[in-house]
Amino acid sequence: MTELSKTLKAIYACRVLDVATGSGGFIHFLLGELKEYEEIIGIDASERGAVVFAKSFKDRPSIRFVCMDATQMDFPDASFDTVCMANSAHHFPDPVPVLAEMKRVLRPGGTFILFEMYCDNQAETQMTHVLLHHWWAAVDRAEGVIHNETYQRGELVEMVAGLGLSEPQFFDLSELDGDPKNPEIIEELNPVFDRYIQRAEGHPDLQAQGEALRRRVQEIGLHSAASLVVVAKRP
C-alpha cells in the first residue's frame, strides 16, 4: 500500500464534496481509497457529464450530481467533512477563488484534497503527455473554451500554502512502468489526434503541432505525467 493510500484510508470522509466533478471520475478513485463516507456530492458548472455520472452511480443513492459554479458555491460555511478537486485547477481562469470556496465549505478539522498533474520535472516520456495536454488545451482555447496549461509543481504548493491549511502532506505520483510505445495506446491516440486536428481547422500552427506530437508519441513514447496530491486539514 502506498503512503497516499494509507493516508486516505485513515480518513472518515463522512460528507464529501467533489469540485469540478465532470462525470465523476475522481469519485471512483475515492471509493476505492476512503475508509468510509456518508454522502458524496459532485458539483460542476457544466451538465455535460451529468448523464454518465448518473449511470455510474445509479446503485449508490448517497452519491449525486449538482450543477453549480465552484467559484460561488450554494453551500453554507463548514458544510462538508471532506472537500476535493482533481485535475481541474487549470480549467479555471483563476483557481484561487475556487480553492478559497473549498476551504470555506470545509468544516474545521475537515480534510482538503487537491490532485493535479504538473508540467515540470518530468521524464521525457511523461513530457509527451504534458505537451499533448497543452496542445489539447490550446485547441480548446482556440474555440473559446477555458483550458489553461498545467501548473508547475511549485505553483501548486504555493496556492495551497496561501489557504492557511494545517498538517499539509504532499505526495508525488509518478508511474514509469509499462511500455511507453505500447502499440495499443498509440492506436487509441490516433483518432484523438485526428479529432483535434480537425477541430483546429483554420489554425495551421496548431494542426502542425498536432502532427509533430503524433510523431513524438511514436518516436519517444508516452507515460502519464507526474501528479501532486495534497492532503491537508482546515484549522
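Every number here is computed from the coordinates shown, using simple stated rules; none is lab data. It should be emphasised that the depicted structure is a prediction, and the values quoted were computed from it without experimental measurement. Methodologically, a virtual Cβ is constructed for each residue, glycine included, from the backbone with ideal geometry; neighbour enumeration extends over all protein chains shown.
Numbers below:
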read-out	value
Neighbour-count ranking [beta-carbon atoms within 10 angstrom, fewest first] of Ile41, Ile63, Ile146	Ile146, Ile41, Ile63
Cα gyration tensor category, rounded, prolate or oblate, for segment 91-205 with a/c compared to 1.5	oblate
Unit charges on C-beta of K, R, D, E only; dipole of the chain, Debye	560 debye
The chain: angle of helix 204-219 to the longest principal axis, Cα-based, in degrees nearest 10	90 degrees
Under 5 Å, built H, 5+ apart or other chain: amide partners of Met117	Asn87, Leu228
Which of Asp81, Asp44, Asp172 has the fewest Cβ neighbours within 10 Å, and the rest in rising order	Asp172, Asp81, Asp44
Loop-resident sites, segment 27-106, for trypsin sites (Lys or Arg not before Pro), counting at most 16 other Cβ within 10 Å (DSSP)	Lys35, Arg48, Lys58
Hull volume in cubic angstrom per residue (convex hull over the Cα atoms of segment 1-68)	77 Å³
In sequence order, calculated HN-Hα J values of segment 52-68 (Karplus, 6.51, -1.76, 1.60; Hz; x Gly/Pro)	4, 4, 4, 5, 5, 10, 4, 9, 10, x, 7, 10, 9, 9, 9, 7, 7
Taking segment 76-133 and dividing mean pair separation by its residue count, relative contact order in percent (alpha carbons under 8 Å, at least six apart)	44 percent
Length-normalised contact order of segment 3-233 in % [C-alpha pairs under 8 Å, at least 6 apart]	20 percent
Average Cα contact separation per residue, segment 93-185, under 8 Å, 6 or more apart, as relative contact order %	29 percent
Integer Hz, Karplus 6.51/-1.76/1.60 couplings in order for segment 25-34, x for Gly and Pro	x, 6, 5, 4, 4, 4, 4, x, 10, 5
For the chain, share of DSSP beta bridges that run antiparallel, in % to the nearest 5	40 percent
Greater than 19 Å apart at Cα, pairs in Lys6/Lys58; Lys6/Lys35; Lys58/Lys103; Lys9/Lys233; Lys6/Lys233	Lys6/Lys58; Lys58/Lys103
Computed [θ] at 222 nm, deg cm²/dmol, the chain (DSSP H ≥ 4; -39,500 (n - 2.57); rounded to nearest 500)	-12000 deg cm²/dmol
Cα-based shape type of segment 112-160, given that a ≥ b ≥ c are square roots of the gyration tensor eigenvalues and the cut on a/c is 1.5	oblate
Cut-off under 5 Å, modelled amide H: who pairs with Val66 long-range	Gly42, Ile43, Asp44
Helix axis angle, 183-199 relative to the chain longest principal axis, alpha carbon, degrees	90 degrees
Proxy reagent accessibility, fewest Cβ within 10 Å first, across Cys119, Cys84	Cys119, Cys84
Descending principal axes extents, the chain, alpha-carbon based, whole Å	50, 37, 35
